[in-house]
1. Just for the stretch 35-149, what percent of DSSP beta bridges are antiparallel, to the closest 5?
2. In nm, to one decimal, how far is the residue 123 label point from the residue 8 one, both placed 7 Å along Cα→Cβ?
3. With each pseudo-label sitting 7 Å past Cα toward Cβ, what's the residue 148-residue 233 distance in nm, one decimal?
4. Would you kindly compute the Cα radius of gyration of the chain and its largest Cα-Cα separation (Dmax), both in Å?
5. Residue by residue through the stretch 118-123, which ³J(HN,Hα) values in whole Hz follow from phi under the Karplus form 6.51 cos²θ - 1.76 cosθ + 1.60 (θ = phi - 60°), with glycine and proline marked x?
6. Report the paramagnetic label zone for residue 197: residues of the stretch 165-179 whose backbone N is under 13 Å from a point 7 Å from Cα along the Cα-to-Cβ axis.
7. What's the extension gain from residue 300 to residue 60 if we count 0.36 nm per residue and subtract their Cα-Cα distance?
8. Using a 1.4 Å probe on the protein chains only, how many percent of the accessible area of the chain belongs to carbon and sulfur?
Amino acid sequence: MQTLSFKNGDQLPILGLGTWKSKPGEVRQAVFWAIQAGYRHIDCAAIYQNEKEVGQGIADAIAEGLVKRKDLFVTSKLWNDSHRHEDVRPALEKSLNDLRLDYLDLYLIHWPIAFKPGIGFATHREEFYTYQDVPLAQTWEAMQDVKKAGLTRHIGVSNFNQAKLKEILSLEGDKPEMNQIELQPFLPQEALVKFCKENGMLVTAYSPLGSPDSRAERHKNDPKLLENPVVNQIAAKHKATVGQVLIAWSIARSIAVIPKSVNQNRIIENLKAADIILDQDDMVQLANIGVTHRFVDGSFFTGPQSPYKLSDLWDS
């Protein structure tokens with residue numbers, strides 16, 4: 001398995017198992033199957049509401065002798081309701097407790113958006129904090145503190161645009177080592193990826209298959225990445241699945257990628273994407289795919305009751 005290197009030499013397996021939208025009751029077995037198949041990178045988040053089951057899956061694999069804790073790279077994320085300095089460490093400690101771990105390999109600020117404590121998804125103005133109430137600098141200082149305390153080995157962000165990254169990079173102390181963002185051929189985000197790499201950040205791609213499991217009404221007219229003829233032609237050429245091609249596309253860009261599945265055969269199939277080498281012609285075709293679309297558009301954070309705008313999330 002190809003790896004990406006952090007500045008201190010720690011290695012991140014380039015292909016991991018995503019757990020967003022994996023239901024409790026399914027994800028424990030999925031994590032065990034993934035580790036059994038050879039995955040060593042598991043991506044989690046508090047808001048996925050399944051970290052206890054993820055932790056059980058990891059514990060099962062360790063108990064079976066498949067791995068030791070040190071063999072795994074586990075990421076979790078700070079939810080929007082814990083951005084105040086005093087809330088960051090308790091949030092991380094809850095994730096550690098749920099995951100049955102003593103430390104994380106990577107902890108990310110999930111979104112550059114702050115809610116008041118205990119709010120899962122803010123819908124009314126009084127449920128939000130503003131940047132004046134809780135500056136990103138305050139949250140980042142607390143992230144550095146939990147790293148110094150040994151609760152996580154690396155810290156970073158998710159869904160941060162260039163402006164927000166520059167704000168963090170201008171601060172004293174540790175710089176973010178990762179930005180996890182939506183990346184797929186309809187949304188290659190070339191400029192943002194380039195900026196991250198130039199500033200010493202690794203990049204992880206989420207929703208690499210175009211969120212095909214979304215059932216939300218607002219997504220019913222979204223373009224179907226898995227049905228795109230360009231991707232299907234490349235898959236046929238490589239005698240691969242469409243999903244494998246989309247995973248291989250991120251790997252070809254030296255970007256970590258975390259496809260989600262709770263199906264054992266699909267989990268194994270996704271892992272084999274690491275063996276697929278896309279050639280220059282494939283990459284050019286995907287770069288000129290002719291469709292632009294962001295599946296995770298952030299509109300659920302920027303409604304009329306929110307103090308945040310889409311420009312707080314995405315580069316123009």
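The values are calculated or read from the model by the stated rules, or taken from the named source; none is laboratory data. On a predicted model such as this, the values are computed, not experimentally measured, just so you know. Please note: Cβ atoms are built from the backbone with ideal geometry, for glycine as well, and neighbour counts cover all protein chains shown. Surface accessibility is based on the protein's heavy atoms, side chains included, excluding ligands, DNA and RNA. Shrake-Rupley method; radii C 1.70, N 1.55, O 1.52, S 1.80 Å.
1. 10 percent
2. 4.2 nm
3. The answer from the label model is 5.6 nm.
4. 18.8, 54
5. Result, ordered by residue: x, 8, x, 9, 5, 10 Hz.
6. Flagged as within label range: none.
7. Taking 0.36 nm per residue and subtracting the Cα distance, the gain is 82.8 nm.
8. On the way: 6750 of 13850 Å².
That fraction is 49 percent.
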